[in-house]
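The structure appears below as structure tokens.
Any read-out appearing in this document is the output of simple, stated calculations on the displayed coordinates, not a laboratory observation. On a predicted model such as this, the values are computed, not experimentally measured, just so you know. Here the Cβ positions follow ideal geometry from the backbone for every residue, glycine too, while neighbour counts run over all protein chains shown.
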Amino acid sequence: MYLKKIFLVLALLIPGLAWAQFQGTERPAGDSTLVLSLEDAIRIALSENTSVKVADMEIRRQKYAHKGTYAALFPQVNGSGSYQRTIKKQVMYMGGGDDSGSGSGSSGGMFDSILAPIEWYLNQLIAQAPGPILPYVPEPTPEQDNSGGIAVGRLNTWSAGISASMPLVNAQLWKSISISADQVELAVEKARESRLSTVTSVKQAYYAVLLAKEAFEVYKQVYENAVENFRQTEKKYNVQKASELDLTRAKSNVAAAVPNVYNAESSILLALWQLKAVMGLDLEREIDVKGSLEDYAQTMFRDMNEGEYADLDRNTTLRQLDMQARQLAKTVRMQQYAYIPTLSLSFTYSFNAMTDNFKFSEYHWTPYSFVGLSLSIPIFSGGQRLYTIKQTRVQADELVLQRENTERQLRIGIHQNLQSMETAMRTYDAAKDAVGTAQKAYNITAASYQLGKSTLTDLSNTELTLTQTRLQAAQAVYNFVVAKASLEQTLGYDFTEK
């Protein structure tokens, strides 16, 4: 008898403690659990979810890349400096040379024939000039090597300067700037896709928590009924109106109900962890959700007109494919512009110094500068430009086929979602009627069992039917809201801007 009482107390306390964990109205005053509505969960996810943050960073990256393309339109200015040490000076030869390459044979005769008249004229002037004649001191001449050549240049060569260039006519560059702007637009649409996916994931995780809670409530009710039936059977057994077999069955029903309660509790915890993960919250943070699936059942019943959901203008996948098609069209045009000549402007200003020592204060720096135009006319590239254009056009044709197939798959998905919603509505309608009937049957059987007109087996059968119908009703609502969330993502609806 004492063992029976201990068993009954444990069976009553343990599931009761588990149930109290998920009752928001019964939380202690110092509880820091964050209780969320669906709107709260979506708002937090759109600011904390990792994929959303990455998508926003990608938008900023593409904007920086777009601004970077404009830099090519401005002058590109660069400074330069160099030093060169000559190891062996270059040798220059004047005139022709003999077969040996010495350069000492015929060069003298050529210069003699040129300088002979000049020398005769200078001698005549010197003979007629009065007074003493100053000796002639020749200017330093470049050193000569043994072969008769003249070594030119200095040992040290220094140079420093600045150069600038900018395109004046470059059609390919102008078109590439337009394409980079489309890349920013595509990044924005991809970020929108990430937000739509995040909203759908949050909804599905939120609904999963509500379904787990509904299952927990059903199994808790089954447990409480089993405990009450055990009490009634025990009373009958004590007055010898029930057999020991009935008492054992009642005790077994209580024991069998406890694992279902714990499994349902575990399902709630796992669903809450999944919700925290998609929201981007710390997994150790305690949260709970508001409402129940029955709140969403009130909006289930409406006429489902498939034509109402035929508009795919807001579908993010098709939008991205259309943007990619426009980019490919511009890319073809940009590649065609490769046949157009380009014109660029350049400017250079530099200083040069050539010495044989390192006395920087005595260096003589010589400035050098120029400004010019450069015209590049494409003539022949072996067909590279032509084949590049053909390759891009084939890629554009592939994208057209891909878009047609994607739209076909999306419309199939819309039809499936609508069918799932229609089936869920009908299932819920039938299950609600079945729940009412099963509850009435259970109440009648329970009263009849207390009067001894029904067996414990009859009571267990009616309770099983009640449990199944309640779970079917909850599952029908869950299937409806999940299909609706998927449909809204496909159509691009229910998107909340940050």
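The figures follow:
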{"item": "Exposure proxy ranking, count of Cβ atoms within 10 Å, fewest first, for Asp313, Asp288, Asp322", "result": "Asp313, Asp322, Asp288"}
{"item": "Leading residue at positive end of dipole, the range 328-467 (Cβ point charges), from Tyr339, Thr423, Val371", "result": "Tyr339"}
{"item": "Packing-based ranking, highest mean first, of 166-175, 211-220, 377-386 given that Cβ atoms within 10 Å are counted", "result": "211-220, 166-175, 377-386"}
{"item": "Cβ-placed point charges (K, R +1; D, E -1), dipole of the range 182-294 about Cα centre in debye, nearest 20", "result": "480"}
{"item": "Among Ser243, Gln324, Ala255 the positive-end extreme of the charge dipole of the range 228-353 (Cβ point charges)", "result": "Gln324"}
{"item": "Proximal lysines to Lys330, defined as alpha-carbon separation beneath 24 angstrom and excluding residues fewer than eight positions away on the same chain", "result": "Lys63, Lys67, Lys175, Lys190, Lys390"}
{"item": "Summed residue charge, Cβ within 14 Å of Tyr442's Cβ, Lys/Arg positive, Asp/Glu negative", "result": "-2"}
{"item": "Under the Karplus curve 6.51 cos²θ - 1.76 cosθ + 1.60, θ = phi - 60°, whole-Hz ³J(HN,Hα) for the range 207-219, x wherever Gly or Pro sits", "result": "5, 5, 5, 5, 5, 4, 5, 5, 5, 4, 5, 5, 5"}
{"item": "Simple Cβ-charge dipole of the range 278-355, Lys/Arg +1 and Asp/Glu -1, about Cα centre, in debye nearest 20", "result": "980"}
{"item": "For Tyr339, net neighbour charge (Lys/Arg +1, Asp/Glu -1) across residues whose Cβ lies under 15 Å away", "result": "+4"}
